[in-house]
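Here is the structure we will look at, set down as structure tokens.
The values are calculated or read from the model by the stated rules, or taken from the named source; none is laboratory data. Given the structure is predicted, the values throughout are model-derived calculations rather than measurements. All Cβ positions, glycine included, derive from the backbone under ideal geometry; neighbour counts span all protein chains shown.
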Amino acid sequence: MTKTRGGLGTTVVMTLVALLWISPLVLLVITAVRPLSDFIANGPLSWPGTFTFDNFADAWGIGNFATTYRNSLILLVLKVPLGVFISAMLAFALAKLRIRFGTAIMYTVFLGLTIPIYITIVPVFVMARSAGITDSLIGLIGPYLAFGIPFEVLVLQSFFRQLPDEILEAARIDGAGAWRTFLTIALPLSAPALVTVFILDAVATWNEFLFALILLNSDAHKTIPVGLLNFQGQFSNNNTGLAAGILIAVVPILVAYTFLQRWIVGGLTAGASKG
Amino acid sequence: MRRREGLAAWVFAAPALIVYFVFLVYPALSSLWFSFTDWDGLSPGYNTVGLDNYKDMASDPVVRQAAVNNLIWAVVTVVVPVVLGLVLAVVLNGKVRGKPVLRLIFYTPAVLPLVSVASIWGWLYNPQYGAINAALRAVGLDSLAQPWLGQDSTALGATMVAAIWLRVGFPMLLYLAALQGISPDLYEAATVDGASRWQQFWHITMPGLKPAHYVVIALSVIDSFKVFDLIYAMTYGGPGTATQVMGTWMYFNVFQYNQAGYGTAIAVVITVVAVAVSIPYVRSQTKEHAI
């Protein structure tokens, strides 16, 4: 009897705290679907008198979201699979191929987790300029790959380590080389870890701001975060339009997170703790 | 045979290592070199000036302010989310309904782009139309309504509230996972012995979470040193220089004032501090995995 009551009380308190936590996003949705005049007349905390989707149409056009969406998607498609694949290769070498200086390599690569991106921006900018790839999505791929590698290798190598050596040994006796063992045994057996790393890397790539801010100049090449920043400046007096624009920028990531959260949670805990 | 395998290992390692060295290690080291020069970031040439940039930092009031802000930021945005995350994890690990939804909600802000978090909170803090001042006025606290991001006294605190909002979820998830590893038998035995909830928390839960504490705090500290996006997009370092941190002040020097040499020196200092603080964590991760 007391036990159930205790559970109920906690549930009520936690629900209220959760409502408070999510309230900025709820307010954002409510504001985005009302006319600006209604917002100004009744204030940000009121329930809308009338509903409209015009804000989304306005924000979509003025915010240049068709372009920034396309650019962010192109980056995602070019960068994430490549990054996960080369990280998996390095992780496999560290975990299963008895590479020399393995500990030194791990130390060097994991140190990358701690390095703030901004220490590299001046030289990266100089490199991009001399290669003629500033203001181009291609110029972002190298730095994005490099800053994704430490976390991906950390998670994947700890996963590969758990694969029983006997399976790999058996494949070798059957005449499979390291390459075939990697592609046909190690990768398929590590599908859960690969999916997790893939999703987390996609989120990080979609959200990256500093390199994109520095390397991309023209509106035609901007990604979602940089585009949103410009949009925020233009719409500072149009609260409902601004709310709609922010939602346009974050809805895909919220939807993806809701459906894929199991993988995200698993990966974060596996990568951070013992692995 | 062994030699062939050794070669294969390097073939596997090479692509990622090359990318890592070209786009991370080399730029980081060449920043160190730039920090000893007077390069403006544009001209083809520059002079080496030894430690002048570092000496200048000592007498730059904004550097002092940024360093203090970084320190405040590190303490507040580590301690508050870690404590709140721990409380949420312990509660969610007990008898609560709707756990998956609650967990989903508390981690949601962490997946958003930081620029959008900055936009959302900038909008909530809007002096005229923001929800926060509206809520204060609604409960009769009109006198507390103020331009949160527009005045020195509240700007840094206001940005940290947004940071706390988005950073509570991560420690919560890690603590929740770690709590699964503590045997329920321990609590049962303690209950039989008459230990209170509070005693159980301090004598069973906290010691059981020791490895998790270490990882959570290390990763939170590492993350706090990287602060840039949120400040840049929310206050642009202002009003005045009230919310400058080392990352943003570096950016302003390099890209606004054409002092690339000086800017990189600022970045070098914060990076050295960040790396030094996190070396024990990196070492523990390497050791755990070494064969």
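Annotations
- Condition check for B:Phe228: within 15 Å of the chain's Cα centre (by Cα) and free of Cβ contacts under 8 Å to residues at least 40 places away in the same chain: yes
- For B:Ala195, the conditions (1) in contact (Cβ under 8 Å) with a residue 24 or more places away in the chain; (2) assigned to a loop (DSSP other than H, G, I, E, B) are fulfilled apart from (1).
- Considering region B:102-192, the qualifying helices (runs of 4 or more DSSP H), each wholly inside and each with 3 or more residues that are without any contact (Cβ under 8 Å) to a residue 12 or more places away in the chain and under 28 Å from A:Val203 (Cα atoms), run over B:114-124.
- All told, B:Gly6 meets the bar of being in contact with a Lys or Arg (Cβ under 7 Å, 6 or more places away or on another chain) and within 14 Å of another protein chain (Cβ to nearest Cβ).
- Of all residues in region B:27-42 being at the interface with another protein chain (Cβ under 7 Å from one of its Cβ atoms) and under 30 Å from A:Leu97 (Cα atoms), the one that is surrounded by the most Cβ atoms within 10 Å (Cβ to Cβ): B:Pro27
- Test: residue in region A:175-198 that is within 28 Å of A:Phe125 (Cα to Cα), in a helix (DSSP H, G or I) and touching a Phe, Trp or Tyr at 6+ places or on another chain (Cβ under 7 Å): no
- Members of region A:76-97 found to be facing chain B (nearest Cβ under 7 Å) and farther than 18 Å from A:Gly142 by Cβ, listed by number: A:Phe92, A:Ala93, A:Leu97
- One residue from A:Pro44, A:Pro48 being closer than 14 Å to A:Leu242 by Cβ, of a type outside the set (Phe, Trp, Tyr) and outside any helix (DSSP H, G or I): A:Pro44
- B:Thr108 meets each of the listed conditions (1) within 11 Å of chain A (Cβ to nearest Cβ); (2) in contact with a Phe, Trp or Tyr (Cβ under 6 Å, 6 or more places away or on another chain) apart from (2).
- Among the residues of region A:109-137, those that are in a helix (DSSP H, G or I) and closer than 30 Å to A:Ala186 by Cβ comprise A:Val109, A:Phe110, A:Leu111, A:Gly112, A:Leu113, A:Thr114.
- Restricted to region A:99-152, and to residues there that are of a type in the set (A, V, I, L, M, F, W, C), in contact with a Leu (Cβ under 9 Å, 6 or more places away or on another chain) and surrounded by fewer than 19 Cβ atoms within 10 Å (Cβ to Cβ), the residue that is modelled with the lowest pLDDT is A:Ile133.
- Taken as a whole, the structure places B:Val227 among residues that are under 19 Å from A:Gly112 (Cα atoms), part of a loop (DSSP other than H, G, I, E, B) and facing chain A (nearest Cβ under 10 Å).
- Exactly one residue among A:Ala243, A:Ala249, A:Ala202, A:Ala193 is within 20 Å of B:Val117 (Cβ to Cβ), crowded, with 19+ Cβ neighbours inside 10 Å and more than 10 Å from every other protein chain (Cβ to nearest Cβ), and that residue is A:Ala202.
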